[in-house]
Amino acid sequence: MDRTGHTTLAEWTTEDDAAFAAAVREFGEQQELGYIGTVPDGPGRATHVRQLPRDADTVILRRPIAGG
Amino acid sequence: MATSQALPELASVPWRQPTDARWLRRWARIWHAWTLLYTVPFICAGVGMIWLEPLATPVGLAALAHAWIIPELYAFRGASVVRPKQPRASAQAPGAARCAATAFPGEPVAQGLLGDLLGHDERELQRDTGLALERGALGIWLLGEGGALLVSPGGRRVHCFCVRAVDRELPPSDRIAHLLLALRVDEEGFAIVANHAFAGAPWRVARRMPPRMRPALAAARQGAG
């Protein structure tokens, strides 16, 4: 999620190793920029991920939150 | 796969106490007692002055005004956590969506993503009121662009939290989506990272909320009751 609403950074399938490797690189670069990986797990649940899960349907990168 | 159910942001606030249901109940009682402490003396002084010396009525009325104004200011502070942030706030009435889209070109896209994260009823409520309703173990949350309200089970107390995504240039719906995802990862961690701003009766907060947002608080109270 970014200032454009959201941007698709990478797409992969479980069978496509090259696409997944590219997605992992992109994921790592975004983490270095401060983004946090989050996997929505259905209604009311989400999981923080530090590595890109190959089998996840969607991984959303969000900015950190802080008390205002 | 390395996963975690703890918010990584907790590392930035290691000194904070765990914010669980017990902590929230205690904090609500403290706020209640605090409200009585600064209200009752002013009421007693005001009534006493008028009763003892009618000529002191203006001073007595001033004391009574203090007893009314100070709790109102605290409630205003609480309600302000979910007040839309500028420049969206400048466009409260008709055309608000158009103004938000102008100020934040990514808002329609962000609204779509947020809608995907919410259920049907919550999506409709968010579009009407600007607040996203999320049920949690601590109560029912209402998430705004820069803060959150937590309606405790039973619906008799509202806790107001200041919390936001660190990027201030995000579209309004994206800011809510950030809070929603963080809340879903770790509800208690979310409450620890957020700054507690106020706790009090829902009607006190509702009076100071923008009218458009009040149905969201009513829905949350209904769900928590």
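Observations
- Considering segment B:63-119, and only residues there that are small (Gly, Ala, Ser) and assigned to a loop (DSSP other than H, G, I, E, B), the residue that is modelled with the lowest pLDDT turns out to be B:93.
- Count - residues of segment B:205-225 that are surrounded by fewer than 21 Cβ atoms within 10 Å (Cβ to Cβ) and within 16 Å of residue B:154 (Cα to Cα): 7
- Residue that is surrounded by the most Cβ atoms within 10 Å (Cβ to Cβ), among those in segment B:189-204 that are in a helix (DSSP H, G or I) and within 14 Å of another protein chain (Cβ to nearest Cβ): B:190
- If the condition is being within 13 Å of chain A (Cβ to nearest Cβ) and either in a helix (DSSP H, G or I) or under 13 Å from residue B:222 (Cα atoms) (or both), then segment B:140-159 contributes B:140, B:141.
- Taken together, the criteria place residue B:210 among residues that are touching a residue at least 12 places away in the same chain (Cβ under 8 Å), under 14 Å from residue B:81 (Cα atoms) and out of contact with any strand residue (DSSP E or B) (no Cβ under 9 Å at 6 or more places or on another chain).
- Residues in segment B:58-90 that are of a type in the set (S, T, N, Q) and surrounded by 14 or more Cβ atoms within 10 Å (Cβ to Cβ): B:80 alone.
- Residue match in segment A:30-39 (condition: surrounded by fewer than 15 Cβ atoms within 10 Å (Cβ to Cβ) and within 12 Å of another protein chain (Cβ to nearest Cβ)): yes
- Filtered residues of segment A:5-22 (kept if surrounded by 12 or more Cβ atoms within 10 Å (Cβ to Cβ) and either touching a Leu at 6+ places or on another chain (Cβ under 6 Å) or closer than 16 Å to residue B:116 by Cβ (or both)): A:5, A:6
- Residues that are farther than 23 Å from residue B:117 by Cα and free of Cβ contacts under 8 Å to residues at least 12 places away in the same chain occur at least once in segment A:31-40.
A quick yes/no check of all residues on (1) of a type outside the set (A, V, I, L, M); (2) within 17 Å of residue B:176 (Cβ to Cβ); (3) in contact with a Lys or Arg (Cβ under 9 Å, 6 or more places away or on another chain):
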| site | (1), (2), (3) |
| --- | --- |
| A:15 | yes, no, no |
| A:29 | yes, no, no |
| A:32 | yes, no, no |
| A:58 | yes, no, no |
| A:61 | no, yes, no |
| A:65 | no, yes, yes |
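- Hits in segment A:40-68 (condition: of a type in the set (S, T, N, Q) and either touching a Cys at 6+ places or on another chain (Cβ under 6 Å) or facing chain B (nearest Cβ under 7 Å) (or both)): A:47, A:51
The values are calculated or read from the model by the stated rules, or taken from the named source; none is laboratory data. Note that the structure is predicted; figures quoted are calculated from it, not measured. Here the Cβ is made from the backbone with ideal geometry for all residues, glycine too, and neighbour counts use every protein chain on show.
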